[in-house]
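Reviewing the structure listed below.
The values are calculated or read from the model by the stated rules, or taken from the named source; none is laboratory data. A quick note: this is a predicted structure, and the numbers were derived from the prediction, not measured. When we count neighbours, we look across all protein chains shown, and the Cβ atoms used for this are built from the backbone with ideal geometry, even at glycine. Side chains are part of the model used for accessible areas, which takes the heavy atoms of the whole protein and leaves out ligands, DNA and RNA. Shrake-Rupley method; radii C 1.70, N 1.55, O 1.52, S 1.80 Å.
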Amino acid sequence: MSDDLFAPKVPEEVASRRPLADRLRPKSLAEVTGQPHLTGPDGALRRMIEAGSLGSMIFWGPPGTGKTTVARLLSGEAGLAFEQISAIFSGVADLKKVFEAARMRRMDGRQTLLFVDEIHRFNRAQQDSFLPVMEDGTVILVGATTENPSFELNAALLSRARVLTFLPHDEESLEELLKRAEETEGRPLPLDEAARASLIRMADGDGRAVLTLAEEVWRAAREGEVFDTEGLIQIVQRRAPVYDKAQDGHYNLISALHKSVRGSDPDAALYYLARMFDAGEDPLYLGRRLVRMAVEDIGLADPQALVIANAAKDAYDYLGSPEGELALAEACVYLATAPKSNGVYTAFKAAMRAAKENGSLLPPKHILNAPTKLMKGEGYGEGYRYDHDQPDAFSGQNYFPEKMGRQVFYDPPERGFEREIRKRLDWWAKLRKERGEP
């Protein structure tokens, strides 16, 4: 925790040993790259500073996008005291000390910007402790999180803070960071053009990562040596993709995979499947999701879809990695190229609504069994017509409770195998009408 915007000066030889990312940390909001919608001339934060009115905020974005740096610079440009804590290392006692120090400053006429890193790691009760000091102006809270605030933060806290989204660095802003690094180091990065592009892709939108990777390259390079892509990969051993199997990265990619299959794009579907394999996702989880896609988005338009999805899941379970992944990829392509129908899916939801809304209605008595004389006397089973004894093996009787009358839930589209199902339903409806059935 610190009240000062910048750390005390250190000897030049010590400063030169600081990590490159720390040495290149921006000294003003104007130097911040990759977030023009926030820090640019017309950015949201620039407008707040010019208006002289900062409110509590949640900075939401992936690692290495400048959340901590921007918070520190914001306090300096707004003339606020700066306090920083991390939810990983802090508890209730630490919060009380910070709040008390902020109250003392406020009595002296100075407001405090409290930056809380990883704020989503505080539990609900700890998050609630911020509410009084936010409301009375003791602190301006700036919380940073890599997780979706809608899921991880209290509604009460969110209602008192504005959520600002930090975007991953694009290739242009990462290239700008590399050029700044080269100016600071006074030497070019020893990579050919293709390797430089690969390094930027490896950073995966993380500004800190691209500078760390560049530092590794400089350390490894001998005099006059320039690395190609293969040499770069050997040096840095490739940074793992940004992906948390329990959080947003997981849900974003599985959503993209599901919608690509639904949208009949096998290439996009394979790409997202490969992304999830590459990030270490459990293949059996992906197998279960493919089964879900088969029943939700293909259904009876291709009855083989469920068979193939289940077979792929079982094949992976039998073969394991890496052979089993190919079975899942095969199922993924089959599902993406299959005719699509949510006819059964929507029919089932409609039937569930009807079941809940109509209560415990008795089925019509003619389709109820009558194993006792009493039940026969009550009319159970009376008038039932055995379909196999009827013309066309179809009686056309009503099977819904009398108070409901006949309902239509399933409306198969004219696609795939459901074309045939549609013909059967239309034929049975014609016979029912001809025989005067309701």
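Given F417, F409, F400, which one is farther than 30 Å from N310 by Cα and hydrophobic (A, V, I, L, M, F, W, C)?
Numbers: F417 fails: farther than 30 Å from N310 by Cα; F409 fails: farther than 30 Å from N310 by Cα.
That would be F400, the only listed residue that is farther than 30 Å from N310 by Cα and hydrophobic (A, V, I, L, M, F, W, C).
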Against the condition touching a His at 6+ places or on another chain (Cβ under 8 Å) and not aromatic (F, W, Y), how does P149 come out, does it pass? yes
Could you identify the single residue in M48, M57 that is in contact (Cβ under 8 Å) with a residue 60 or more places away in the chain and either open to solvent by less than 70 Å² (accessible area, probe 1.4 Å) or of a type in the set (D, E) (or both)? M57
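What tally of residues in the range 396-438 results from selecting those that are among the polar types (S, T, N, Q) and either open to solvent by 50 Å² or more (accessible area, probe 1.4 Å) or within 20 Å of Y345 (Cα to Cα) (or both)?
Going through the range 396-438, the residues among the polar types (S, T, N, Q) turn out to be 397-398, 407.
If we keep only those that are either open to solvent by 50 Å² or more (accessible area, probe 1.4 Å) or within 20 Å of Y345 (Cα to Cα) (or both) too, we end up with 407.
Of the residues in the range 396-438, 1 are among the polar types (S, T, N, Q) and either open to solvent by 50 Å² or more (accessible area, probe 1.4 Å) or within 20 Å of Y345 (Cα to Cα) (or both).
Is it fair to say T112 is among the β-branched types (V, I, T) and closer than 19 Å to G66 by Cβ?
Working: among the β-branched types (V, I, T): yes; closer than 19 Å to G66 by Cβ: no.
So T112 fails the test.
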Taking the condition within 24 Å of E418 (Cβ to Cβ) and within 25 Å of the chain's Cα centre (by Cα), does M293 pass? yes
Just need a number here: residues in the range 189-238 that are within 28 Å of F166 (Cα to Cα) and open to solvent by 70 Å² or more (accessible area, probe 1.4 Å). 5
Residues of the range 46-87 classified as closer than 16 Å to F166 by Cα, under 26 Å from the mean Cα position of the chain (by Cα) and among the hydrophobic types (A, V, I, L, M, F, W, C), total: 6
Scan the range 74-111 for residues that are open to solvent by 50 Å² or more (accessible area, probe 1.4 Å), within 17 Å of N123 (Cβ to Cβ), touching a residue at least 24 places away in the same chain (Cβ under 8 Å) and part of a loop (DSSP other than H, G, I, E, B) and jot them down. I88
